[in-house]
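*Asks:* One structure follows; several queries about it will come next.
The values are calculated or read from the model by the stated rules, or taken from the named source; none is laboratory data. All values reported here derive from a predicted model rather than from experimental measurement. Quick reminder, even Gly has a Cβ in these numbers, built from the backbone with ideal geometry, and neighbours come from all protein chains shown.
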Amino acid sequence: RADVEDSDSYFREASRVTKPARDNTSRVEELLARMTLEEKIGQMTQLQIAMVTSGEDQNIHIDPAKLEKAVVTYGVGSILNVNSQALTVDRWREIIGQIQEAAQKTRLKIPVLYGIDSIHGANYVQGATLHPQEIGMAATWNPALMQRLAEITAAETRAAGIPWTFSPVLDLGRQPLWPRFYETFGEDPYLAKVMGVAFVRGIEGNDISSPDHIATSLKHYVGYSFPLNGRDRTP
């Protein structure tokens, strides 16, 4: 129990380092008015972190030349990682800090938006609290529990300096051959809705810029979870 409390305290302290953003609506409108077509396209482009790093698994490090080309030359607006990088809070902050330093070299100095798949806890952050995948959470029929666990996920993801998660998965689990079935809340639309709402409320809270919350992505496309041959990313 002491270890759990120590870990929780560490994540809470780290999350406080992130300063809440002010209302940037007018600033966004101003930037949009000044952006070139190339800059707008760059902002809509998202790269996998391997395209700006060297090394593998836990030993990745920013490659300055790759980062400069992606962020400064091409104006890439977002970066994500998809596997193999479960890093410490401090290591995440170091990497994302380097990415943001590169963004400051661009004409408009727009920060790069980093996203990650915190789908059953902050599963890409070492020492984070993990909970069952969505299919397991659906089996609890307990949206209050889902919301509380999502709150923990948000705080521990934000502690790593990451403001955005690619979750929850709101696909309906209707194709048992689909290899990502376990990521869903099952086949029942009502249950998926109730648990999905609880998930979003826990992750986002009342303010996604707060030091304990982050932004969500409700995914995927309608019908994505029902590939006829069972393979992911196929019709």
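*Asks:* Which ones in region 73-83 are under 14 Å from ILE49 (Cα atoms), in a loop (DSSP other than H, G, I, E, B) and in contact with a helix residue (DSSP H, G or I) (Cβ under 7 Å, 6 or more places away or on another chain)?
*Replies:* VAL76, GLY77, ASN81
*Asks:* Inside region 84-136, can you point out the residues that are within 30 Å of ALA33 (Cβ to Cβ), assigned to a helix (DSSP H, G or I) and of a type in the set (A, V, I, L, M, F, W, C)?
*Replies:* ILE96, ILE99, ALA102, ALA103
*Asks:* Is there any pair linking a residue in region 193-210 that is under 10 Å from ALA150 (Cβ atoms) to one that is among the polar types (S, T, N, Q), with Cβ under 6 Å and at least six apart or on different chains, and which?
*Replies:* Note: pairs meeting the criteria are ALA198/GLN147; VAL200/THR216; ARG201/GLN147; GLY202/GLN147; ILE203/THR216; GLU204/THR216.
*Asks:* Going by what's in this entry, would ILE152 be described as of a type in the set (Val, Ile, Thr), part of a loop (DSSP other than H, G, I, E, B), within 16 Å of GLY121 (Cα to Cα) and at pLDDT 95 or above?
*Replies:* No.
*Asks:* Within region 101-125, which residues are more than 16 Å from PRO168 (Cα to Cα) and touching a helix residue (DSSP H, G or I) at 6+ places or on another chain (Cβ under 8 Å)?
*Replies:* Just the residues of region 101-125 that are more than 16 Å from PRO168 (Cα to Cα), to begin with: 101-114, 125.
Residues satisfying the conditions are ALA102, ALA103, LYS105, THR106, ARG107, LEU108, LYS109, ILE110, PRO111, VAL112, TYR114, VAL125.
*Asks:* Has region 172-183 got any residue that is surrounded by 18 or more Cβ atoms within 10 Å (Cβ to Cβ), among the hydrophobic types (A, V, I, L, M, F, W, C) and in contact (Cβ under 8 Å) with a residue 60 or more places away in the chain?
*Replies:* No, region 172-183 contains no residue that is surrounded by 18 or more Cβ atoms within 10 Å (Cβ to Cβ), among the hydrophobic types (A, V, I, L, M, F, W, C) and in contact (Cβ under 8 Å) with a residue 60 or more places away in the chain.
*Asks:* To continue, here is another question. Name the residues in region 122-148 that are crowded, with 18+ Cβ neighbours inside 10 Å and over 20 Å from the mean Cα position of the chain (by Cα), would you?
*Replies:* Of everything in region 122-148, those that are crowded, with 18+ Cβ neighbours inside 10 Å and over 20 Å from the mean Cα position of the chain (by Cα) turn out to be ALA138, PRO143.
*Asks:* Something else about it: Restrict the check to region 55-68 and report whether at least one residue is surrounded by 14 or more Cβ atoms within 10 Å (Cβ to Cβ), aliphatic (A, V, I, L, M) and modelled with pLDDT of 95 or more.
*Replies:* yes
*Asks:* Where residues in region 195-223 are within 19 Å of TYR182 (Cα to Cα) and surrounded by fewer than 17 Cβ atoms within 10 Å (Cβ to Cβ), which of them is modelled with the lowest pLDDT?
*Replies:* Only one residue tops the list, namely TYR221.
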